[in-house]
Amino acid sequence: MVELAQDPQGEIVGKLLADQGADVVKVEPPGGAAGRHIGPFRAGSEGDPDASLHFWAYNTSKRTVTLDTSTEDGRARRAALIADADVLITSDGPSRLAADGIDLQALVAAHPELIAVSVSPYGLTGPWADWRTSDLIALAAGGILNSCGYDDHSIPPIRPGGNQAFQLAASFGHSGLLLALLERQATGLGQIVDVSMHEAVAVSGELANPYWFYPRVLLERQTCRHAQPSPTQPALFECADGVQVYFALILSDARTWSVLVDWLSTLGMDLDLSDEKYQSLAYRQERFSYIQTIMESFFLIQDSATVCREAQARGLPLGPVLAPEQLLEDEHLVERAFFVPVPLPTGGEALFPGSPYRFSYATGTPGPPPRLNVQADSEIAGVEEVVV
């Protein structure tokens, strides 16, 4: 597979494939891919293109070659790589592809078995096809951002972290590629898989789309809760150890209410909630503020670990609010060996997230991200031309 992608939405597709054992060759311009120059960098290596944590995150397990595709020789070498590839991955809009000498239609026509996966900002056609974007712009233009934020609507929408737009587009790109591979098994033909990050975000707006398509209702942002047409109950509760847990009080469910009252009774905090009047949904809703106060006190006298285990044992969906760095010590992820040590180009090793899916026969693990190939005059004739 040949990866021309210079942006995360395309690089992630290559990473997902490479981590499972696919041979992904990343073509970089002189000086390295754009991601190599984006921080943060490994401590003491500021500006080193081989020490960008940003680049490492999206490019594990790949090989790389540096080509100056502004020259005829560079384009000829790239063409030789593509001619020998099963899959081509790009991330630019049509005009930028054309400026770089890439014509996906012509490539697929010349190489009928080639699958060209384009994961671009707005797709290969349409009035916005050549517009530029970013993760934040994509979330905003695709509608998701407007559903993310706080109860206080004087505060603007809040961007969710983790480059969610890039991740969404890459997920659809990965799925599209797998479907194209299945199609090729049946027909022997490749094709262009045109994935628009804008469309990937637009189709992932959860409740916003159906609420507007059918009853024509707009959603309201809510703090740490699903956006809904009207305000819902707060769902975050602080525990004795200062950790907050997420627990949505689903008062409409009679079974859940019964289980909750029984749990409260173990600490003598069910008070009058066992009264038959509370069997009425309407009565529970009228008394919600009172119930909320009891729940706040109930969680405050217990530590978060106890609360989480007891709730799950009772079949109640509840979990802690953890910081990303705390996941490294998460007992479940540790038991499943989710984080794996990966050698670094600059020496030593670091923990990287492993595969989000596992197979019964085998599951790949991330390999080292590639060093920048500074041998621009290397021959593109075989494995030798690619520097790991």
inquiry  = Checking the conditions here, which among G162, G188, G205 is of a type outside the set (S, T, Y), in contact (Cβ under 8 Å) with a residue 40 or more places away in the chain and farther than 30 Å from A106 by Cα?
reply    = G205
ask   = In the set A33, A51, A18, which member is assigned by TED's automatic domain parsing to the domain that holds G348, closer than 25 Å to G347 by Cβ, buried (at least 16 other Cβ atoms within 10 Å of the Cβ) and within 19 Å of the chain's Cα centre (by Cα)?
value = A18
query = Would a scan of segment 66-74 turn up a residue that is of a type in the set (G, A, S), assigned to a loop (DSSP other than H, G, I, E, B), buried (at least 16 other Cβ atoms within 10 Å of the Cβ) and in the same structural domain as V193 (by TED's automatic domain parsing)?
reply = no
request  = For segment 309-323, indicate whether the set of residues that are assigned by TED's automatic domain parsing to the domain that holds D262, part of a helix (DSSP H, G or I), at negative phi and in contact (Cβ under 8 Å) with a residue 12 or more places away in the chain is non-empty.
outcome  = yes
task = For segment 355-366, name all the residues that are within 23 Å of P324 (Cβ to Cβ) and without any contact (Cβ under 8 Å) to a residue 60 or more places away in the chain.
result = P356, Y357, R358
ask   = From the list S70, S154, S118, S91, which residue is over 25 Å from the mean Cα position of the chain (by Cα), at pLDDT 95 or above, over 22 Å from G205 (Cβ atoms) and of a type in the set (G, A, S)?
value = S70
query = Checking A186 against (1) assigned to a helix (DSSP H, G or I); (2) over 30 Å from Q326 (Cβ atoms); (3) within 25 Å of the chain's Cα centre (by Cα), which single condition isn't satisfied?
reply = (3)
remark   = Among helices (runs of 4 or more DSSP H) entirely within segment 194-299, at least 3 residues that are surrounded by 13 or more Cβ atoms within 10 Å (Cβ to Cβ) and not assigned by TED's automatic domain parsing to the domain that holds L316 occur in 197-202, 208-213
key: Tabulated pairs, segment 13-24, first part of a loop (DSSP other than H, G, I, E, B), second at pLDDT below 95, C-beta under 7 angstrom, 6+ apart or interchain   = Q20/S355; Q20/G364; G21/G364
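The values are calculated or read from the model by the stated rules, or taken from the named source; none is laboratory data. Because the structure is a prediction, the values reported are computed rather than measured. Cβ: placed from backbone, ideal geometry, glycine included. Neighbour counts: every protein chain shown.
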